[in-house]
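Trainee: The structure's right below; bear with me while I get my questions together.
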Amino acid sequence: MPRILHFGLGAFHRAHQAAFTQDAGGWQIESVSMRNPALSNALNAAGGRWHLVERAAEGPRVRQMTVIDRAHCLATDPAGTLARMADPEVQVVTATVTEKGYGFHPTTRTIDVDHPSITPDLANPTAPKGLVGALVEGLRLRHAAGHSGLTVISCDNLTGNGHLLAGLAGAFARLRDPALADWIARTCTFPDSMVDRITPASSDATFAAVRDATGQDDPLAVETEPFRQWVIGNRFAGPRPAWEKAGALLVDDVAPYEVMKLRMLNGSHSLIACLGAVAGLGAVRDVMAVPAFRTLVRRHMQAAADTLPTIPGFDPATYAADLLRRFENPSIRHLCLQIAKDGSQKLPPRIFAPAAEAILQGKTADAFALVTAVWIRFLQGRDDTGGPIAPDDPLAQALMLAASSDVAAVAQALGLSDRLPFSSGDWRGQVSGHLASLRRMGAMAFAEALT
Ligand code: CS2
């Protein structure tokens, strides 16, 4: 049976690509945990099965998932895992390793050879730990075995994710062997893809929902919302699952969908998450229940929509109304701290890119200055009641230090001082203004004063 090899065995993969693939039928997935052998072992012990809880406002629907038939761990078994890429049954590779798992320079989006997910793999390329090194080693084995190229699909929230990954894999391969890089460029494709399904980390409530519905304890259970969307660039190197049967959209150009989702959904999510953390609220739905916060979120969506290209058949107002409903879903407890994690990696495509475009077009970018201020306020490490906040971010230390100084210091810590929007003094002034008000008034009064 044709197979997908997937890198990144987290909850999002088990809620999104796995569900689309199971519903499309005809393909199986082998999934790779990047670091954690306990997860791959547990999944293998369960025969690859887990329960997916889809939480509609009316109540949960619990599904048995069977599409993964084997799991691997890259860290503990790199050779066994990557040998799978040399099996002709494997025709598609997918990946969810989060933004920080790629290893690119924030300004040029080219390979960063000093990045923790790249450097060790260049030194030890046959036992890679990161996505890019793993892809290149797997493709090297495939090429040596004389098989055709593969389709590699990034499913992370990055602008031009496929294009980005193609560039990184190509550059990494070139550093190892230019002939391999040429073969990859000739025979493999890296379509862009836009993925969407809100998937909170599993909790006791997830396990209780499975127990109530099935009488079974399933520590591998994952919960998610009913909504799901997958838009994939129609550029395959070989056979592919009939994902359109499961509702995926195969299109020539994913870019407009990607920016729409990153700016309207993910950008609003980052605002909600940081507002919630600063105001001492736990989950997205709690933030949405505060009228002044909801108004700020609605306005942010409007500002984000104003930066988008037109997509035929797409109505930003309907999309925004649907997003507000999804964020308000009373049966999903999506923690602010989960979304606020890794802001240094998430804000560039969600907030800084639309801000830069708005400034270049001579339009206001104040909505994006506001989110940036709330994020910096979050990085200051104390909520409005004085309770501690511990930002989880690869740049946490430098950012927290910078956040106690000013926006220019934050730009420097990000390596983005010379780039729009940070290079605009007016925009930095807007961020500083919002930041001062947030500190003086607290997030709640700040939002009320603006609405
Ligand atoms: C969220 C996303 O954690 C985050 O940064 O914004 O994971 C979001 O829930 C998904 O992209 C929804 O598809």
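Since every read-out is calculated from the coordinates, none of them should be taken as a lab result. Nothing here was measured: the structure is a model prediction, and the numbers come from that model. Every residue, glycine among them, receives a Cβ derived from its backbone with ideal geometry; neighbour counts consider all protein chains shown.
Trainee: Pairs to check: 129/261; 245/346; 261/363; 129/245; 100/129; 100/363. Give those whose C-alpha atoms are more than 25 Å from each other in this structure.
Mentor: In this structure, 129/261; 245/346; 129/245; 100/363 lie more than 25 Å apart at Cα.
Trainee: Could you state the number of Å between the C-alpha centres of segment 45-100 and segment 229-243?
Mentor: 18 Å
Trainee: For segment 3-251, what does the alpha-carbon gyration tensor say about shape, rounded, prolate or oblate, given a ≥ b ≥ c as the root eigenvalues, a/c under 1.5 as rounded, and a/b over b/c as prolate?
Mentor: Cα axes put segment 3-251 in the prolate bin.
Trainee: Does segment 48-131 classify as rounded, prolate or oblate by the C-alpha gyration tensor (a ≥ b ≥ c root eigenvalues; a/c under 1.5 gives rounded; else a/b over b/c gives prolate, otherwise oblate)?
Mentor: It is oblate, given that a/c is not under 1.5 and a/b is not larger than b/c.
Trainee: Explain nothing, just compute: Karplus ³J(HN,Hα) = 6.51 cos²θ - 1.76 cosθ + 1.60, θ = phi - 60°, for every residue of segment 134-141 in order, whole Hz, x for Gly and Pro.
Mentor: 5, 4, 5, 5, x, 5, 4, 5
Trainee: Amide H neighbours of residue 112 under 5 Å, at least 5 residues apart or on other chains, H built in the peptide plane: list them.
Mentor: 104, 105
Trainee: Further question on the same structure: Please work out whether segment 255-450 counts as rounded, prolate or oblate from its C-alpha gyration tensor, where a ≥ b ≥ c are the square roots of the eigenvalues and a/c under 1.5 means rounded, while otherwise a/b larger than b/c means prolate and anything else oblate?
Mentor: Cα axes put segment 255-450 in the oblate bin.
Trainee: Only four residue types carry charge here, +1 at the Cβ of Lys and Arg and -1 at the Cβ of Asp and Glu. Report the dipole size of segment 255-450 about the Cα centre in Debye, rounded to the nearest 20.
Mentor: 220 debye
Trainee: Let me have the relative contact order for segment 3-251, percent, based on Cα pairs under 8 Å that are six or more residues apart.
Mentor: Reported as a whole number, the value is 23 percent.
Trainee: Dipole size in debye (nearest 20) for the chain around its Cα centre, Lys and Arg Cβ +1, Asp and Glu Cβ -1?
Mentor: 40 debye
Trainee: Which whole-number percent is the relative contact order of the chain (Cα, under 8 Å, 6+ apart)?
Mentor: After rounding, I find 14 percent.
Trainee: Something else now. What residues qualify as long-range amide H neighbours of residue 29, i.e. H under 5 Å apart, gap of 5 or more or another chain, H built at 1.01 Å from N?
Mentor: When sequence neighbours closer than 5 places are left aside, the close amide H contacts are 4, 68, 69.
Trainee: Give the peptides 265-278, 3-16, 135-148, 77-90 in descending order of average Cβ contacts within 10 Å, highest first.
Mentor: Peptide ranking by packing, descending: 265-278, 3-16, 135-148, 77-90.
Trainee: What spacing in nm lies between the two simple spin-label points modelled at residue 64 and residue 114, each 7 Å away from Cα in the Cβ direction?
Mentor: The answer from the label model is 5.3 nm.
Trainee: Nearest 0.05, what FRET efficiency do residue 87 and residue 252 give at R0 = 30 Å with Cβ-Cβ as r?
Mentor: Efficiency, from the Cβ-Cβ distance: 0.50.
Trainee: Summing -39500 (n - 2.57) over the DSSP H runs of n ≥ 4 in the chain and dividing by its residue number, what mean residue ellipticity at 222 nm do you reach, to the nearest 500 deg cm²/dmol?
Mentor: Computed mean residue ellipticity for the chain: -13500 deg cm²/dmol.
Trainee: If you count, for each residue, the other Cβ atoms within 10 Å and average over each peptide, how do 309-318, 30-39 line up from highest to lowest?
Mentor: 30-39, 309-318
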